[in-house]
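Everything below concerns the one structure shown next.
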Amino acid sequence: MKYAELNAKQKEIYNFQKIAAFLADYGFNCIRLSHDWKGADFLALHMPSDDVIRVQLKARLTVDRKYENKGLWIAFPVKEDWYLLEHDTLRDIVGERTPALENKA
């Protein structure tokens, strides 16, 4: 299967399966939502601790004001690796290392 040949919905499903498999190794059970709930595409339940995080799934690193101060986590791939960070922490890291956020209104 060639990822580039998938449509947008198929890519979202594919990416969910990839991140869910990755997170399973860390004790998470991922539940895909049929629609965004409080900004989340899926819930990740940490089985050992019973913690639940709301995750917005992206095809690339994304920082957006609409995700600020909501307790959302952002999951995104870089090549073959997956990253999962709390959005506001990710925003701060990006802001410290690049001017990309300086001109955003």
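Some values worked out for this structure:
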| read-out | value |
| --- | --- |
| Residue tally, condition crowded, with 17+ Cβ neighbours inside 10 Å and not polar (S, T, N, Q), over region 52-62 | 5 |
| Selection from region 34-51 of residues that are surrounded by 14 or more Cβ atoms within 10 Å (Cβ to Cβ) and not aromatic (Phe, Trp, Tyr) | Gly39, Ala40, Asp41, Leu43, Ala44, Leu45, His46 |
| Among the residues listed as Arg65, Arg97, Arg91, the single one being without any contact (Cβ under 8 Å) to a residue 60 or more places away in the chain, crowded, with 16+ Cβ neighbours inside 10 Å, of a type in the set (D, E, K, R) and over 24 Å from Ala4 (Cβ atoms) | Arg91 |
| Listing of strands (runs of 3 or more DSSP E) fully contained in region 6-88 that carry 1 or more residues being farther than 30 Å from Thr98 by Cβ and among the small types (Gly, Ala, Ser) | 28-37 |
| Of all residues in region 68-88 being touching a strand residue (DSSP E or B) at 6+ places or on another chain (Cβ under 9 Å) and of a type in the set (A, V, I, L, M), the one that is surrounded by the fewest Cβ atoms within 10 Å (Cβ to Cβ) | Leu85 |
| Residues located in region 1-33, provided they are loosely packed, with under 12 Cβ neighbours inside 10 Å, under 25 Å from Asp50 (Cα atoms) and more than 16 Å from the chain's Cα centre (by Cα) | Asp25 |
| Residues of region 34-48 satisfying the condition of being more than 19 Å from His87 (Cα to Cα) and out of contact with any Gly (no Cβ under 7 Å at 6 or more places or on another chain) | Ser34, His35 |
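Here, each number is a calculation from the coordinates, and none is a lab measurement. All values reported here derive from a predicted model rather than from experimental measurement. Cβ atoms come from the backbone with ideal geometry, glycine included; neighbour counts cover every protein chain shown.
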